[in-house]
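First the structure, in the form of structure tokens, and then the observations on it.
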């Protein structure tokens with residue numbers, strides 16, 4: 001690369017690399033009422049039993065449609081509250097959401113590359129989210145060092161676990 005030239009960040013190449021190399025389902029979705037997927041890795045089929053093409057643009061299925069009905073509200077509320085809590089994502093250029101099942105619970109992780117410094121005690125909405133999760137035997141963890149971004153992990157018990 002010539003001196004002074006900057007390599008352009010290629011989000012599409014990064015997503016492709018993640019989709020091919022990271023275990024589990026990797027996807028990009030729209031923040032709407034069904035979390036409509038724009039792209040999804042092949043691993044979704046081994047997790048859900050349905051091919052990726054069923055999920056793209058909600059052609060046949062959505063993230064919500066493969067979540068047990070008894071768990072949809074708690075999972076959706078946790079993700080939305082974490083994203084919308086405002087302060088933890090201050091000055092962030094990117095936020096990520098990861099969802100996976102762990103036994104009788106769903107683990108939701110929301111992270112960003114913002115300025116950090118989130119604190120449940122300062123009334124940012126995180127205290128309320130923690131209380132709501134506690135009421136259903138869930139848990140909330142928060143890592144947010146000043147200047148180091150924010151990572152919120154929520155454990156949401158599954159009511160419909162088999």
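Couple of notes before you dig in:
- Applying the criterion of being outside any loop (DSSP other than H, G, I, E, B), over 12 Å from the mean Cα position of the chain (by Cα) and at pLDDT 80 or above to the residues of segment 78-127, the residue that is nearest to residue 66 (Cα to Cα) is 101.
- Residue within segment 33-41 that is free of Cβ contacts under 8 Å to residues at least 12 places away in the same chain, surrounded by fewer than 17 Cβ atoms within 10 Å (Cβ to Cβ) and on the phi < 0 side of the Ramachandran plot present: no
- Restricting attention to segment 48-74, the residues that are surrounded by fewer than 15 Cβ atoms within 10 Å (Cβ to Cβ) and touching a strand residue (DSSP E or B) at 6+ places or on another chain (Cβ under 8 Å) total 1.
- Residues in segment 143-162 that are within 15 Å of residue 78 (Cβ to Cβ) and either without any contact (Cβ under 8 Å) to a residue 40 or more places away in the chain or part of a loop (DSSP other than H, G, I, E, B) (or both): 158, 159.
The values are calculated or read from the model by the stated rules, or taken from the named source; none is laboratory data. The shown structure was predicted, so the numbers you read here are calculated from the model rather than taken from an experiment. Positions of Cβ are generated from backbone atoms using ideal geometry, with glycine treated the same way; all protein chains shown enter the neighbour counts.
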